[in-house]
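First comes the structure, then the notes that go with it.
Values in this text are rule-based calculations from the coordinates and carry no lab data. Note that the structure is a prediction, hence the values are computed from the model and not measured. Every residue, glycine among them, receives a Cβ derived from its backbone with ideal geometry; neighbour counts consider all protein chains shown.
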Amino acid sequence: MSVTTTRNRSPTATVSPASLAGTIHPSEEDLQGFFKSAPTKYTIPAKREYTVVYADQDKIGATLTIGEEMLRAEYNRQLVTSRAQQRYDDLTDHSRNDVAVKDAVDQAIKETN
């Protein structure tokens, strides 16, 4: 350890880590307290991995063969109408009769809930 005094300043001590090695013995509680005093210093940020896939729609489409029956089945599977919508269509005959829209909506909701 060396002590230096500069003009108009307090004395400064310089201590090398090697001179202190073996003289400091913190307890487990001391270490835990130090760690808990600034947890952000010791936190590893989350990492994410991802894979980017580039697809050429024209090339993929050229290799697919979907028959009419398969296409129609998938269309019908995704064409899900709610019971209220179906009842509204029945009441209004798809807007071909003179039932007021508000009345048809109210009745369809009332009957299907």
Looking at segment 11-66, which trypsin sites (Lys or Arg not before Pro) are DSSP coil and have at most 14 other C-beta atoms within 10 Å of their C-beta?
K47, R48
Net charge over other residues, Cβ less than 14 angstrom from the Cβ of N76 (K, R count +1; D, E count -1):
-1
Neighbour cut-off at most 14 other Cβ (10 Å), DSSP loop, GluC sites (Glu not before Pro), segment 35-113
E49
Setting aside same-chain residues fewer than 8 positions from K102, which lysines have a Cα under 17 Å from its Cα?
K110
Could you tell me which chymotrypsin sites (Phe, Trp or Tyr not before Pro) in segment 48-78 are loop residues by DSSP with no more than 12 other beta carbons within 10 angstrom of their beta carbon?
Y50, Y54
The chain: calculated mean residue ellipticity at 222 nm from DSSP helix runs of at least 4, using -39500 (n - 2.57):
-13500 deg cm²/dmol
For S95 and Q57, FRET efficiency with R0 = 41 Å and r from the beta-carbon atoms, rounded to 0.05?
0.65
Taking each pair of different alpha-carbon atoms in segment 66-112 once, compute 1/r for the pair, average those values, and report the inverse of that mean as the Kirkwood hydrodynamic radius in Å to one decimal.
12.1
Average Cα contact separation per residue, the chain, under 8 Å, 6 or more apart, as relative contact order %
13
